[in-house]
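Peer 1: One structure, as structure tokens, below. Some questions next.
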Amino acid sequence: MKANIQAGYNHNRQKLAELVPLSTPFALHIAPTHRCNFRCHYCTHGLGAVGKQKAGLTETDFPVEYLPRLVEQVKEFTEPLKMISFTGLGESLLYPELPKMIRLLSQAQSAETYDIITNGYLLTPEKTDQLIAAGLNNLRISLQGLTAEKYREVSGVKIDYDQLFRNIEYFYHNKGNCKLNIKIIDSCLEHPEDEQVFYQMFGDLCDTIFVEHLVEVQLSMAEKYEGLSIDTSRTMFQEKAEDRIACPYPFYMLQIDANGNVFPCCPLGLPLELSVGNMFQDTLKHIWHGKKLYDLWTQNLKGKRSEHPVCGRCTAYQCFTPPEDNLDLEREQILKKVEERGYV
Ligand code: SF4
Ligand code: SF4
């Protein structure tokens with residue numbers, strides 16, 4: 001097997017406590033669309049029309065007319081971001097303007113890398129060529145099974161598995177310097193020996209490969225998770241999940257949904273009451289330096305996260321707990337710096 005078995009996150013991390021408060025977030029997650037071609041049973045898209053409505057999930061696309069404004073706003077930060085990831089509660093490749101979105105941001109040198117997380121089913125050779133030409137640096141494909149039957153069971157769709165495989169093959173052989181990570185969730189494998197089958201099938205068609213752990217990462221799925229008996233002692237990347245007093249995400253990232261709502265973290269299905277602004281009415285830089293995020297930072301640093309109406313019932317931050325991101329031991333010093341900086 002050519003690929004390295006490696007979890008698909010940046011392993012070259014710096015100690016976050018020494019760097020915050022950041023003038024520019026490290027990462028920006030953008031949801032190009034809230035539509036998906038699959039209905040995975042562990043996802044809000046698998047809840048059916050009533051469940052999706054209850055979760056507030058609408059079939060929205062990021063408005064094309066806002067693309068120039070998105071680029072302008074990202075460029076307002078003092079430095080380029082480390083990463084812009086096209087991901088969210090939807091299938092990024094369903095967004096027809098995705099290559100344009102990447103090209104505009106890439107031409108403006110808005111970030112060091114441009115990543116997509118996708119289920120890969122719409123990755124035609126034509127789409128591959130467009131994405132590579134646009135400046136894509138990393139593609140992460142999440143598989144939902146090793147057979148078409150498994151896709152039907154997990155994602156509720158009939159797929160042509162050979163077609164999916166050939167599209168991945170084409171991407172691998174035509175990706176230039178772009179990195180390809182292929183992953184699957186452990187719950188999508190039938191038997192323990194299927195992990196080796198997965199490596200055999202895809203290990204020569206990507207740069208890194210990994211079996212992720214099913215985690216409780218969508219807040220809108222809270223009720224359904226209870227019936228899935230998920231082992232919460234491990235992170236998405238099969239590491240030990242740890243508790244945190246201060247949730248690290250709001251200190252280094254922002255997430256934009258297709259309606260322009262800006263959230264302080266990467267879990268999906270977040271309620272609007274956690275939104276720290278909307279980029280159609282405000283700017284990302286103003287939101288990053290604004291009072292809502294400031295209040296969330298100080299609440300976390302004072303150890304009062306449990307008093308927040310959303311964060312107080314959230315465990316999604318435990319899906320990814322690298323030691324470099326742990327702020328807990330330095331909370332007092334960071335609070336002082338944050339209060340000195342204030343908000344605009
Ligand atoms: S898990 Fe991904 S592919 Fe599956 S329904 Fe949700 S957004 Fe779509
Ligand atoms: S505690 Fe949960 S909801 Fe709150 S910022 Fe962290 S990940 Fe987001």
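Peer 1: I need a count of the residues in the range 240-255 that are within 20 Å of Lys292 (Cβ to Cβ) and more than 16 Å from ligand 1 (Cβ to nearest atom).
Peer 2: Counting residues in the range 240-255 that are within 20 Å of Lys292 (Cβ to Cβ) and more than 16 Å from ligand 1 (Cβ to nearest atom) gives 9.
Peer 1: When you go through Arg305, Arg341, Arg313 one by one, which is the residue that is within 10 Å of ligand 2 (Cβ to nearest atom), farther than 23 Å from Gly88 by Cβ and not hydroxyl-bearing (Ser, Thr, Tyr)?
Peer 2: Matching residue, one of Arg305, Arg341, Arg313: Arg305.
Peer 1: Ok, one more. Please enumerate the residues belonging to the range 186-208 that are touching a residue at least 60 places away in the same chain (Cβ under 8 Å) and within 13 Å of Gln238 (Cα to Cα).
Peer 2: Of everything in the range 186-208, just one residue is touching a residue at least 60 places away in the same chain (Cβ under 8 Å) and within 13 Å of Gln238 (Cα to Cα), namely Ser187.
Peer 1: Still on this structure: Consider the range 50-67. How many of its residues are under 24 Å from Thr113 (Cβ atoms) and either modelled with pLDDT under 95 or away from ligand 1 (no atom under 16 Å from the Cβ) (or both)?
Peer 2: Of the residues in that region, 3 qualify.
Peer 1: For the range 50-97, what are the residues that are surrounded by fewer than 17 Cβ atoms within 10 Å (Cβ to Cβ) and within 16 Å of ligand 2 (Cβ to nearest atom)?
Peer 2: Gly56
Peer 1: Say we look at the range 256-268 and pick out the residues that are buried (at least 21 other Cβ atoms within 10 Å of the Cβ) and within 9 Å of ligand 2 (Cβ to nearest atom); which of these is modelled with the lowest pLDDT?
Peer 2: Pro267
Peer 1: In addition: Within the bounds of the range 278-288, is there any residue that is among the basic types (Lys, Arg), surrounded by 16 or more Cβ atoms within 10 Å (Cβ to Cβ), more than 28 Å from Lys75 (Cβ to Cβ) and touching a residue at least 24 places away in the same chain (Cβ under 8 Å)?
Peer 2: Looking through the range 278-288, none of the residues is among the basic types (Lys, Arg), surrounded by 16 or more Cβ atoms within 10 Å (Cβ to Cβ), more than 28 Å from Lys75 (Cβ to Cβ) and touching a residue at least 24 places away in the same chain (Cβ under 8 Å).
Peer 1: Also: Determine which member of the set Asn138, Asn119, Asn181 is touching a residue at least 24 places away in the same chain (Cβ under 8 Å), within 13 Å of ligand 1 (Cβ to nearest atom) and crowded, with 16+ Cβ neighbours inside 10 Å.
Peer 2: Values: Asn138 fails: within 13 Å of ligand 1 (Cβ to nearest atom); Asn181 fails: within 13 Å of ligand 1 (Cβ to nearest atom).
The unique qualifying residue is Asn119.
Peer 1: May I ask you to list the residues in the range 122-135 that are over 22 Å from Lys82 (Cβ atoms) and surrounded by fewer than 19 Cβ atoms within 10 Å (Cβ to Cβ)? I'd like the intermediate steps shown before the answer.
Peer 2: Of all residues in the range 122-135, those over 22 Å from Lys82 (Cβ atoms) come to 122-130, 133.
Hits for the range 122-135 are Leu122, Thr124, Pro125, Glu126, Lys127, Asp129, Gln130, Ala133.
Peer 1: Still on this structure, I have one more. Please go through the range 223-277 and give me each residue that is on the phi > 0 side of the Ramachandran plot and either hydrophobic (A, V, I, L, M, F, W, C) or without any contact (Cβ under 8 Å) to a residue 60 or more places away in the chain (or both), ordered by number.
Peer 2: Ser229, Gly277
Peer 1: Which condition does Ser233 not pass, out of (1) among the small types (Gly, Ala, Ser); (2) in contact with a His (Cβ under 7 Å, 6 or more places away or on another chain); (3) surrounded by fewer than 18 Cβ atoms within 10 Å (Cβ to Cβ), if it passes all the others?
Peer 2: (2)
Peer 1: When only residues in the range 313-328 that are assigned to a helix (DSSP H, G or I) and either away from ligand 1 (no atom under 16 Å from the Cβ) or touching a Phe, Trp or Tyr at 6+ places or on another chain (Cβ under 6 Å) (or both) count, which is farthest from Glu242 (Cα to Cα)?
Peer 2: As a first pass, look at the range 313-328 and keep what is assigned to a helix (DSSP H, G or I): 313, 316-319, 323-325, 328.
Within this subset, residues satisfying the condition of being either away from ligand 1 (no atom under 16 Å from the Cβ) or touching a Phe, Trp or Tyr at 6+ places or on another chain (Cβ under 6 Å) (or both) are 313, 317-318, 323-325, 328.
Details: Arg313: 16, Tyr317: 9, Gln318: 6, Pro323: 9, Glu324: 13, Asp325: 11, Asp328: 12 Å.
In this case the residue turns out to be Arg313.
Peer 1: Are any residues in the range 2-49 modelled with pLDDT of 95 or more, part of a helix (DSSP H, G or I) and surrounded by fewer than 19 Cβ atoms within 10 Å (Cβ to Cβ), and if so, which ones?
Peer 2: Within the range 2-49, Glu18 is the sole residue that qualifies.
Peer 1: Taking the range 257-276 as the search range and keeping residues that are aliphatic (A, V, I, L, M) and within 16 Å of ligand 1 (Cβ to nearest atom), which one is farthest from Ile30 (Cα to Cα)? Step through it out loud before you land on a result.
Peer 2: Of the residues in the range 257-276, the ones aliphatic (A, V, I, L, M) are 258, 262, 268, 270, 272, 274, 276.
Imposing the further condition that a residue be within 16 Å of ligand 1 (Cβ to nearest atom) reduces the set to 258, 268, 270.
On the way: Ala258: 8, Leu268: 12, Leu270: 14 Å.
The qualifying residue farthest from Ile30 (Cα to Cα) is Leu270.
Peer 1: State whether one or more residues within the range 98-106 are in contact with a helix residue (DSSP H, G or I) (Cβ under 8 Å, 6 or more places away or on another chain), modelled with pLDDT of 95 or more and surrounded by fewer than 18 Cβ atoms within 10 Å (Cβ to Cβ).
Peer 2: Within the range 98-106, one or more residues are in contact with a helix residue (DSSP H, G or I) (Cβ under 8 Å, 6 or more places away or on another chain), modelled with pLDDT of 95 or more and surrounded by fewer than 18 Cβ atoms within 10 Å (Cβ to Cβ).
Peer 1: May I ask you to list the residues in the range 150-168 that are over 21 Å from Gln200 (Cα atoms) and charged (D, E, K, R)?
Peer 2: Arg152, Glu153, Lys158, listed by residue number.
Peer 1: Where residues in the range 249-273 are under 17 Å from the mean Cα position of the chain (by Cα) and among the aliphatic types (A, V, I, L, M), which of them is farthest from Gly56 (Cα to Cα)?
Peer 2: Filtering the range 249-273 for residues that are under 17 Å from the mean Cα position of the chain (by Cα) and among the aliphatic types (A, V, I, L, M), the one farthest from Gly56 (Cα to Cα) comes out as Met253.
The values are calculated or read from the model by the stated rules, or taken from the named source; none is laboratory data. Values in this document were obtained by computation on a predicted structure and should not be read as measured data. Quick reminder, even Gly has a Cβ in these numbers, built from the backbone with ideal geometry, and neighbours come from all protein chains shown.
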